[in-house]
1. Here are some residues: L495, L458, L481. Which one is modelled with pLDDT of 85 or more, hydrophobic (A, V, I, L, M, F, W, C) and in contact with a helix residue (DSSP H, G or I) (Cβ under 8 Å, 6 or more places away or on another chain)?
2. Being out of contact with any Leu (no Cβ under 9 Å at 6 or more places or on another chain), open to solvent by less than 40 Å² (accessible area, probe 1.4 Å) and in a loop (DSSP other than H, G, I, E, B) is the filter here, so list the residues in the range 381-405 that pass it.
3. Can you find even one residue in the range 25-43 that is part of a helix (DSSP H, G or I) and either out of contact with any Pro (no Cβ under 6 Å at 6 or more places or on another chain) or at negative phi (or both)?
4. At least 1 residues that are at pLDDT 90 or above, among the polar types (S, T, N, Q) and touching a helix residue (DSSP H, G or I) at 6+ places or on another chain (Cβ under 9 Å) in each: list the strands (runs of 3 or more DSSP E) lying fully within the range 134-253 that qualify.
5. Could you give me the residue pairs with C-beta distances under 7 Å whose first residue belongs to the range 486-508 and is within 16 Å of L458 (Cβ to Cβ), whose second residue is in a helix (DSSP H, G or I) and among the hydrophobic types (A, V, I, L, M, F, W, C) wherever it lies, and which are 6+ apart or on separate chains?
6. Consider I427 carefully, then state whether it is assigned to a helix (DSSP H, G or I), more than 30 Å from G545 (Cα to Cα), modelled with pLDDT of 95 or more and touching a Cys at 6+ places or on another chain (Cβ under 6 Å).
7. Filter the range 505-532 down to the residues that are small (G, A, S) and not in a strand (DSSP E or B) and list them by number.
8. Name, by its number, the condition in (1) of a type in the set (D, E, K, R); (2) farther than 22 Å from N120 by Cα; (3) in contact with a strand residue (DSSP E or B) (Cβ under 6 Å, 6 or more places away or on another chain) that does not hold for D32.
Amino acid sequence: MTEIKVVPLGAGQDVGRSCIIVTLGGKNIMLDCGMHMGYNDNRRFPDFDYIDDGKPLTDFLDCVIISHFHLDHCGALPYMTEIVGYDGPIYMTHPTKAIAPILLEDFRKITVGKEGDHSNFFTSENIKTCMKKSIAVNLHQRVQVDDELEIKAYYAGHVLGAAMFHIRVGSQSIVYTGDYNMTPDRHLGAAWIDKCRPDLLITESTYATTIRDSKRCRERDFLKKVLDCVEKGGKVLIPVFALGRAQELCILLETFWDRLNLKVPVYFTQGLAEKANHYYKLFISWTNQKIKKTFVHRNMFDFKHIKAFDKAYMDNPGAMVVFATPGMLHAGLSLQIFKRWCTSDKNMVIMPGYCVQGTVGHKILNGVKKIDFDGHTVDVRMKVQYMSFSAHADAKGIIQLIRQSAPKNVMLVHGEEGKMVFLKKKIRNEFGIECYMPANGETVTIETTCKIPVDISLKLLKRSFTDHGGSVEPAPKRSTLVNGVLVMDDSDLRLLSTEETLAELELPSQTIRFTSNFVLSIALPAQQVTEKIVSALKTRAKCKGVLHNQDGSISISESVLIQVSKVDETNIGVLLSWSYQDEDLGGQLHKFLKNQSNII
């Protein structure tokens with residue numbers, strides 16, 4: 001038995017700071033390297049000291065894989081590579097490599113501006129140097145990291161460039177999903193993966209207990225709430241991340257505003273809309289089929305009603321709708337606008353996605369009405385709405401992916417403990433496989449069966465499905481015993497027939513035969529007993545190729561010989577001989593003939 005070891009440094013029974021160390025086939029792989037949005041101290045980054053076994057990270061890790069550009073999956077990468085120290089390969093998709101440094105730089109500016117002291121935070125130069133070490137991969141491209149380690153990316157939906165990774169070392173394999181969405185939306189397709197039957201599927205479980213209602217109903221409800229608020233002169237704040245749900249909701253609102261010919265201004269964080277548009281043009285192949293088809297005639301991301309936002313607009317009188325980053329109200333422009341607008345009950349904030357514990361978004365969704373900002377307490381009077389436009393898989397989607405990939409074991413990460421417990425039980429009951437949900441720093445060891453691939457010659461394969469006179473017909477779904485010679489060339493194994501092996505190795509043929517003599521208590525002439533044996537072999541044993549030779553002997557498939565002779569008046573002697581190639585057939589015939597009731 002071989003084993004796979006997994007230890008989460010982040011996202012273990014928690015959402016945020018995704019960072020998972022996997023050891024399989026002697027290789028150490030880091031899956032994602034994110035930061036936690038709910039902390040501003042040393043808990044913000046994964047605890048890299050946990051994997052310090054006296055070696056530098058470069059010597060310990062064989063590679064790092066980043067699933068997508070969200071900061072809770074890549075936010076600690078420059079810190080790890082440039083401050084902790086890692087110079088090995090980092091794999092991510094082309095869109096992730098293009099977009100991640102922009103989000104990292106935006107977050108760095110916000111953090112350094114807010115905290116002042118940035119001695120333990122990465123710099124702009126760190127981000128550039130880090131991204132130079134990354135290697136971009138295409139979907140379905142088999143990437144050979146070294147002689148044994150192979151990775152392959154699959155489309156994950158969620159955000160532009162998000163990918164699931166199938167990782168293989170020898171006969172062991174795992175699938176890491178990152179964040180994914182099994183439902184297509186207005187600009188991205190649904191996640192998809194082969195039935196690759198990995199030893200372990202490591203899946204996110206953000207919405208482990210949620211089954212979402214109709215998407216159309218949600219969209220209608222969202223538009224109604226926005227319209228009701230602006231018609232009463234209120235302001236609507238929609239905190240979003242720069243790419244992903246932002247584009248989804250902008251397309252929805254743009255279409256609605258166009259249809260009703262509304263004049264209420266709609267704004268998006270300045271600069272990010274233009275950047276987003278540029279990257280959607282550049283990576284149009286990652287969007288859904290509708291976007292691809294209409295892109296030549298009409299760019300869905302060139303918005304007529306949605307304009308760039310300026311901070312000076314914050315205090316403008318009258319109704320407006322603002323999409324502002326970041327999405328959890330933990331920093332940046334969205335938090336500044338919230339502070340300014342939250343004291344009026346005419347205004348509304350709509351949270352369209354998950355908020356991690358510790359963020360302002362999480363607090364207001366849990367009913368907190370007083371928020372402390374830098375020593376000043378602010379009353380939250382504005383309406384707070386949560387409408388899930390999250391691009392994470394819900395419980396139904398997670399079950400669908402398990403069914404699609406057919407893993408032997410499942411591990412839940414990136415979710416809350418209570419929700420994980422529920423889903424873990426459901427997976428065990430529905431699929432009959434083991435499900436794990438380790439906490440941060442907890443090591444899980446999973447034993448796997450070692451499979452050694454062997455190529456079989458066509459000649460031998462055909463022979464194995466030919467009935468050699470045995471009583472059992474070969475069945476397609478039942479294992480079949482194949483006798484051959486195992487030949488090793490370097491590290492490749494081949495199973496050949498004896499004749500093929502002798503010819504290839506230029507060796508003379510040697511034959512080994514087995515002979516058994518036994519006596520049957522039958523008071524009949526030898527010739528008559530021989531005829532009864534021939535008849536029994538054909539009718540009862542259903543042997544093929546049975547010949548009654550002129551010398552009185554019986555032969556089967558050229559290698560089995562049976563001779564009958566008279567011992568005395570009441571006993572018959574039987575000689576049964578067979579070659580080692582037909583050992584199974586010889587054993588069956590020996591048992592068959594010694595049972596006299598089969599003959600008489």
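The values are calculated or read from the model by the stated rules, or taken from the named source; none is laboratory data. Being a predicted model, the structure only gives us computed values, none of them experimental. Here the Cβ positions follow ideal geometry from the backbone for every residue, glycine too, while neighbour counts run over all protein chains shown. Side chains are part of the model used for accessible areas, which takes the heavy atoms of the whole protein and leaves out ligands, DNA and RNA. Shrake-Rupley method; radii C 1.70, N 1.55, O 1.52, S 1.80 Å.
1. L495 is the lone residue from the list that is modelled with pLDDT of 85 or more, hydrophobic (A, V, I, L, M, F, W, C) and in contact with a helix residue (DSSP H, G or I) (Cβ under 8 Å, 6 or more places away or on another chain).
2. M387, S388, S390, H392
3. Checked the range 25-43: at least one residue is part of a helix (DSSP H, G or I) and either out of contact with any Pro (no Cβ under 6 Å at 6 or more places or on another chain) or at negative phi (or both).
4. Because the criterion is at least 1 residues that are at pLDDT 90 or above, among the polar types (S, T, N, Q) and touching a helix residue (DSSP H, G or I) at 6+ places or on another chain (Cβ under 9 Å), the strands (runs of 3 or more DSSP E) in the range 134-253 that meet it are 134-137, 200-204.
5. Within 7 Å, the pairs are L495/L460; L496/L460; S497/L460.
6. It is true that I427 is assigned to a helix (DSSP H, G or I), more than 30 Å from G545 (Cα to Cα), modelled with pLDDT of 95 or more and touching a Cys at 6+ places or on another chain (Cβ under 6 Å).
7. S509, S521, A523, A526
8. Status for D32: all satisfied but (2).
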